Amino acid sequence: MCQQTRVDTVIPYYERFLKRFPTIATLAKAPEDDVLALWSGLGYYRRARLLHKGVREVVSAYGGAMPSDASARLGLPGIGRYTAGAIGSIAFHKEEPIVDGNVKRVLSRLFVIDTPLGRSDTENAFWEKAQHLVRGDRPGDFNQAMMELGATICTPTSPRCDECPVRRHCRAKKEARVYELPVVLAKKAPKIVQVVAVIARAVGDDDAAWLQRCDQALFGGLWNLPMMEGEGRDDAQEALRKAGLRGKLSSRKIGDVVHILSHRRMHVEVWTAVVTKQRGTMTRRYVRHKALKALGVSRLTQKLLATGAPPSEESCSCRSRRAHDRAACG
DNA sequence: AACGCGGGGCG
DNA sequence: CGCCCAGCGTT
C-alpha cells in the first residue's frame, strides 16, 4: 500500500485490510473483487492485484510462508527491490538495503549524487550506497531510520539540517547544495482526455446502475460505468451501445466531472439512460448502490455516481438508506 | 532506459 | 496549482 502512497493516507486502508485479511491464507483464498473492494479509493489498483497474485503464489509455491531467500522473494509478483529489501531486513534481519523516495533524498544529499532521479545509473548508485551502509545486526531499524530521517529531517523543501544527526557527514551541506538535491527532471504535462460516461438503469429499477469490470491498464480490475473517449450525445449513445445496452439516453448530460490523475486530466460528461432489462455476466451487470462496496471501484466512478445524487446532509452515512441508494445511482 | 499507473495533502 | 509520496511491471 505504501508504494507511492503516503503512510498517513494508507493507515485506515491498512487497518481495514488486515482486519478482513489477517493472514496470507485468508487473503489468498479471497476473490479478487473482495481485495479490490478494500483497496477502492487508494489508487494504483495493480498493487492490489499483484499483492493478491503474489500471496497466492506464496501459498502454491512456498507452502504459505514468505520465502527467506532474497531472490525467491524478488520473483514474487508485486515484490521489487524495495519490498524485497523491506521484508528481508525487517522480517528476516538480513543486511538488505531499502531505497525509497526518502532514502534517495537522504543519499543524494549525503553523497552529492547529482544525476537525475529515475535514471538507471542514479538509481544504481542509491542501491549501492544503501547496500554498503546497511551493516550490523539491526538492518531493519537502520533502513527504517533512513526513511524516517528523510521523512522528518531531510525533507524536500525545508530540510532541518541543524537537527540532522548526520549533518557532519553531509557533503551537500558542506558544499551548500542541499537545496538543489535530489535532481528531479521536469515531468510531462498531464494529457487532457475528454470522456463520456453513462449511468444506465433498467426500466422500472432505478436502484441499480450498469457496471462493467474492465481489464485494461487504467482502472484495471475495477468496475466502471460505460465510458469512452468523446463528447456529446452521439458519443454517449455509442458508449451505451458498446456496453451492449439498448435504451433511451437522457436528452442532455446531467453534469460534468473533472478527475485529476498524475498523468491524465479527465473531463467527463455524465449522461443517464433507461435501458431494457438484461442479464449480467461475470464482467458486466447491474450493481445496486448497497452492493457497490463489495466491488473495486475507483474514485472517479464514485464521483460519477454521486453526480446523480446531490449530497443531502452527509455524503455517505445517510439514515434513509433506500433514498440514498436510489439517489446515488442516478 | 522510459513510461504508465491513482489519489490526496500540503506549501 | 504544483509537488511528491515506505514502487512495480511493461515496453
Legend entry - Tally, over the range A:144-178, of residues that are within 11 Å of DNA strand C (Cβ to nearest atom) and either among the hydroxyl-bearing types (Ser, Thr, Tyr) or touching a Gly at 6+ places or on another chain (Cβ under 7 Å) (or both): 3
Inset, instruction - Go through the residues of the range A:122-133 one by one and say whether even a single one is of a type in the set (S, T, N, Q), modelled with pLDDT of 95 or more and near DNA strand C (Cβ under 10 Å from one of its atoms). - result: no
Legend entry - Lone qualifier among A:Val99, A:Val112, A:Val134 - being under 22 Å from A:Pro165 (Cα atoms) and within 27 Å of the chain's Cα centre (by Cα): A:Val99
Inset, instruction - Considering every residue within the range A:156-176, establish whether at least one is outside any loop (DSSP other than H, G, I, E, B), in contact with a strand residue (DSSP E or B) (Cβ under 9 Å, 6 or more places away or on another chain), surrounded by fewer than 19 Cβ atoms within 10 Å (Cβ to Cβ) and of a type outside the set (A, V, I, L, M, F, W, C). - result: no
Inset, instruction - Among the candidates A:Val257, A:Val184, single out the residue that is within 16 Å of DNA strand C (Cβ to nearest atom), of a type in the set (A, V, I, L, M, F, W, C), in contact (Cβ under 8 Å) with a residue 12 or more places away in the chain and exposed (fewer than 14 other Cβ atoms within 10 Å of the Cβ). - result: A:Val184
Legend entry - Segments classed as helices (runs of 4 or more DSSP H), wholly inside the range A:25-141, with at least 3 members that are surrounded by fewer than 17 Cβ atoms within 10 Å (Cβ to Cβ): A:46-62, A:70-74, A:120-133
Inset, instruction - Would you please name the residue that is farthest from DNA strand B (Cβ to nearest atom), looking only at residues in the range A:88-106 that are in contact with a Cys (Cβ under 9 Å, 6 or more places away or on another chain) and not charged (D, E, K, R)? - result: A:Val106
Legend entry - Complete set of residues in the range A:226-254 that are under 24 Å from the mean Cα position of the chain (by Cα) and without any contact (Cβ under 8 Å) to a residue 40 or more places away in the chain: A:Pro226, A:Met228, A:Glu229
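The values are calculated or read from the model by the stated rules, or taken from the named source; none is laboratory data. Bear in mind that the values here come from a model prediction, so they are computed numbers and not experimental data. All Cβ positions, even for glycine, are placed from backbone atoms using ideal geometry, and neighbour counts span all protein chains on display.
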